[in-house]
Amino acid sequence: MGRTEWMKLIASDIAFESEQDINLPFESRKRKCSSMHSQDMPELVEPVPRFKDDLQALQLLLGKSEPSLRLVRGNKIGMCLVGFGDASGGGFRSSWYKESFDIAYRFGTRGPELDDGSSNLREFTNLADTLEEMGRQGDLKNMEVFLFTDNSTSEAAYFNGTC
Amino acid sequence: MTTQTKWDRAKTLVTEFLKDLEEEAGTQLEFKRLEKAVGFLCHISRTYPTMFPYLKGFYNTLNG
């Protein structure tokens, strides 16, 4: 439940059992309201179909025995290396600068596995496959990637894990 | 990076849920346990944002 919904709920009559409640700080009223509604929650729930896939993805991300290190802010000289990519019909291509200023590229036509896929899926797989290839070639090490796309579905997939 | 304790706890939570699902098909999960787990994993995903999209399965289960 988002903050706005909490505010609406807390502002309703339910949250005020007595006149003094109006003087309670926000967090206290939130706790009180939460405990009042906890009895509505089911004890058991049915997992959604994607739950297992999500758990497997999390298990993969948490696979190392020690916590992964994260580059929060690089402390070396910055350099902007641009890459481009696009998918059209059954074809795809992308290119990017390597640190040595050589140009790397990948292109080709899709196999039959994407014949029934949408153009959004083709756009997204091109972006994802290109990043994976860059990773394999070591072009993402100590790099921060800014990915720009005109495809809002790819953007949604990146942030939500699904469209 | 996060602490070893938190990392291990996150791993245990995920592994336990996976074990539950794999042991018995069509199993139902405890609401409160899921709620607690997703709260902690959400905390961890502030350090590791790549984990965040995969919490959707938790939220869809809780709110479904």
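The values are calculated or read from the model by the stated rules, or taken from the named source; none is laboratory data. These numbers come from a predicted model, not from an experiment. Positions of Cβ are backbone-derived with ideal geometry, glycine not excepted, and every protein chain shown enters the neighbour counts.
Residues in the stretch A:31-54: is at least one modelled with pLDDT of 70 or more and more than 14 Å from every other protein chain (Cβ to nearest Cβ)? Quick ask: steps written out before the conclusion?
Pass one, the stretch A:31-54, residues modelled with pLDDT of 70 or more: A:31-32, A:40-54.
Next cut, more than 14 Å from every other protein chain (Cβ to nearest Cβ) only: A:31-32.
Checked the stretch A:31-54: at least one residue is modelled with pLDDT of 70 or more and more than 14 Å from every other protein chain (Cβ to nearest Cβ).
Kindly indicate the residue of the stretch B:20-47 that is buried (at least 18 other Cβ atoms within 10 Å of the Cβ) and within 9 Å of the chain's Cα centre (by Cα) and also farthest from B:R9 (Cα to Cα) among those meeting that condition.
Of the residues in the stretch B:20-47, the ones buried (at least 18 other Cβ atoms within 10 Å of the Cβ) are B:29, B:34, B:37-38, B:41, B:44-45.
Next, from what is left, pick out any that are within 9 Å of the chain's Cα centre (by Cα): B:34, B:37-38, B:41.
Numbers: B:L34: 14, B:A37: 10, B:V38: 12, B:L41: 9 Å.
Taking the candidates together, the pick is B:L34.
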Within the stretch A:47-58, does at least one residue satisfy the condition of being among the aliphatic types (A, V, I, L, M), closer than 20 Å to B:P53 by Cβ, in a loop (DSSP other than H, G, I, E, B) and touching a Ser or Thr at 6+ places or on another chain (Cβ under 7 Å)? yes
Please list, ordered by residue number, the strands (runs of 3 or more DSSP E) wholly in the stretch A:73-141 having 2 or more residues that are of a type in the set (F, W, Y) and over 23 Å from A:F159 (Cβ atoms). A:103-109
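Please work out which residue is modelled with the lowest pLDDT, limiting yourself to the stretch A:108-163 and to residues that are aromatic (F, W, Y) and exposed (fewer than 12 other Cβ atoms within 10 Å of the Cβ).
Going through the stretch A:108-163, the residues aromatic (F, W, Y) turn out to be A:124, A:146, A:148, A:158-159.
From what's left, exposed (fewer than 12 other Cβ atoms within 10 Å of the Cβ): A:146, A:148, A:159.
Working: A:F146: 84, A:F148: 86, A:F159: 77.
Filtering first and then ranking leaves A:F159.
Do the conditions hold for A:V82, that is, is it at pLDDT 85 or above and β-branched (V, I, T)?
Values: at pLDDT 85 or above: no; β-branched (V, I, T): yes.
No, not satisfied.
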So if I check each of B:T3, B:T15, B:T50, which one is under 11 Å from the mean Cα position of the chain (by Cα) and either without any contact (Cβ under 8 Å) to a residue 12 or more places away in the chain or over 25 Å from A:Y158 (Cα atoms) (or both)? B:T15
Look at the stretch B:48-59 and say how many of its residues are surrounded by fewer than 16 Cβ atoms within 10 Å (Cβ to Cβ) and at the interface with another protein chain (Cβ under 7 Å from one of its Cβ atoms). 1
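Kindly evaluate B:E30 against the criterion of being more than 7 Å from chain A (Cβ to nearest Cβ) and acidic (D, E). Explain how you work it out, then say what you get.
Numbers: more than 7 Å from chain A (Cβ to nearest Cβ): no; acidic (D, E): yes.
For B:E30, the condition - more than 7 Å from chain A (Cβ to nearest Cβ) and acidic (D, E) - is not met.
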